[in-house]
């Protein structure tokens, strides 16, 4: 059934309300940060096929669209994101919005899903109404005042950020830096058809040297520096922009951001003993 003129007025007002809801936008942006981390991890070699859009015009389920483009088709996930205390399918026109989005997407021949994201674990949003159950899912995501609180209190969010850290075992302060960088890049975009590749590229540009995620290519260590490390029985590996080193016979280890300047300094110094080398790496 086509969208009626009355429904178009409703959607216009709905869109305006979504843009003006600052409390909801904080919650939505935190959830988008979570999704971006999950998607970077799952599409690490295909960052250019996933696009995100918020506050969709002309849609009934309109808070966030995640679209994965394939050669022949696109898979779309429409999200309604609700930070509401006592949410049910009867809240406002929630069930109606999902039914109408299902109708429109089905009529358009889309490959789609609908998802309701809610902030109250005790909300009565299950079971999903039978009419929309086949294409609809629900997802709990807590409403916290800060990204740091999400990391400390919600393990799925922390795991999502950890999974894209270069080492896979980053401390909480490093995880916070990664999450805040993703949030900052996301909020700086127009949020209309933003690709994961664009987000990743901006993260590299603005976060280089401060955050270390696995979309960064691993640095290269010159053969000369590798020989120096081996000469002093230093075990090492690279991950992202960092060099990790271990001296097992001395129970010492360390990490540093590897730069061309450090490499040149090490090659020119040609350290005479182990402690001279460690001093250069600190």
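Here are the numbers:
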| item | result |
| --- | --- |
| Per residue Cα convex hull volume in Å³ - calculated over region 223-281 | 76 Å³ |
| Potential extension, residue 146-residue 70 segment - 0.36 nm per residue separation minus Cα distance | 23.8 nm |
| Angle between the chain longest axis and helix 260-269 axis [Cα atoms, degrees, rounded to 10] | 10 degrees |
| Helix-only mean residue ellipticity at 222 nm for the chain, each DSSP H run of n ≥ 4 adding -39500 (n - 2.57), per residue, nearest 500 | -13500 deg cm²/dmol |
| Nearest-ten-degree value, helix 22-42 long axis tilted from longest Cα axis of the chain | 60 degrees |
| Footprinting exposure proxy for 225, 59, 139 (fewest neighbouring C-beta atoms within 10 Å first) | 139, 225, 59 |
| Rh by Kirkwood over Cα pairs, then Stokes-Einstein D for region 147-282 at 0.692 mPa s and 37 °C, µm²/s | 197 µm²/s |
| Efficiency of FRET between residue 206 and residue 244 - r from beta-carbon atoms, R0 25 angstrom, step 0.05 | 0.55 |
| Degrees separating the helix 172-188 axis from the principal Cα axis of the chain, which is the longest one | 50 degrees |
| Stretch gain in nm, segment residue 275-residue 124, where the contour uses 0.36 nm per residue and the Cα spacing is subtracted | 48.0 nm |
| All-pairs Cα distance distribution in the chain, expressed in whole percent, bin size 10 Å | 6, 24, 27, 19, 11, 8, 5, 1, 0 |
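Read the figures in this text as sums done on the coordinates, not as results from a lab. Since the model is a prediction, treat every value here as computed from it, not as a measurement. All Cβ positions, glycine included, derive from the backbone under ideal geometry; neighbour counts span all protein chains shown.
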